[in-house]
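Each remark here refers to the structure printed beneath this line.
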Amino acid sequence: QVQLVESGGGLVQAGGSLRLACEASGIAFNIAAIAWHRQFPGKQRELVAQIYTDGAIRYSDSVKGRFTASRDNAKKTAYLQMNSLKPEDTAVYYCYAQMISTGYWGQGTQVTVSS
C-alpha cells in the first residue's frame, strides 16, 4: 500500500519558518520525482518545488529564494524548508511522488501564516 504522509504544517507569524516533511512508504522512493504543491481555497493546486531524481530542483517564482526542497532517499522522506513566510503562502501543501507510469498524492498539511 502506497502512502505519502505530510507533516510539519501549522500556524506561524509572517517572517517565520516551517519545515514540512513527506514520508513515503510502499514505493521505490529513490526513483520517484518528488514535487511539493499547494492549494489555495477555491483554486487549483500549483507547483511549488520539484525535486528530480538526478538531484535537480526547480522552484516556482513565488517561492524562489525563500523555500528549499530536499530529499533523503535513505529515509524515504522529502522536505520543504519554508523561510520568510508571507500571509499569501497560506494554503494546504501536498507532496506528490511521480513514478514512471503513475503518481501518488499525500493527504496535505495546512500552513497558515498570520500577518
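The values are calculated or read from the model by the stated rules, or taken from the named source; none is laboratory data. Since the structure is predicted, the reported quantities are computational estimates derived from the model, not experimental observations. Cβ coordinates were reconstructed from backbone atoms using ideal geometry, including for glycine residues, and neighbour counts include every protein chain displayed. In case anyone asks, the SASA skips ligands and DNA or RNA and just uses the protein heavy atoms, side chains included. Shrake-Rupley method; radii C 1.70, N 1.55, O 1.52, S 1.80 Å.
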Quiz item: Measuring from label point to label point, each 7 Å out along Cα→Cβ, what is the T68 to Q107 span in nm?
Solution: 3.0 nm
Exercise. Provide the net charge surrounding E88, with neighbours chosen by a C-beta distance below 15 Å and charges set as Lys +1, Arg +1, Asp -1, Glu -1.
Key: +2
Quiz item: Which value, in Å², gives the accessible area per residue of the chain when a 1.4 Å probe is used on the protein heavy atoms?
Solution: 52 Å²
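Between beta-carbons, use under 14 Å as the cut-off and find the net charge around I27, counting Lys and Arg +1, Asp and Glu -1. Don't jump to the answer; show the numbers that get you there.
Numbers: positive: R71, K75, K76; negative: E23.
That works out to +2.
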Exercise. May I ask you to give the percent of accessible area on the chain that is carbon plus sulfur, with a probe radius of 1.4 Å?
Key: 48 percent
Quiz item: Which of the peptides 95-102, 80-87 is most tightly packed, and how do the rest follow, going by the mean number of other Cβ atoms within 10 Å of each residue?
Solution: 80-87, 95-102
Quiz item: Based on Cα positions only, what radius of gyration and what Dmax would you give for the chain, in angstroms?
Solution: 13.4, 42
Exercise. For S7 paired with Q98, estimate the spin-label separation in nm (one decimal), with each label point 7 Å from Cα along the Cα-to-Cβ line.
Key: 2.8 nm
Quiz item: Between E46 and D61, 0.36 nm times their residue separation minus their Cα-Cα distance comes to what?
Solution: 4.2 nm
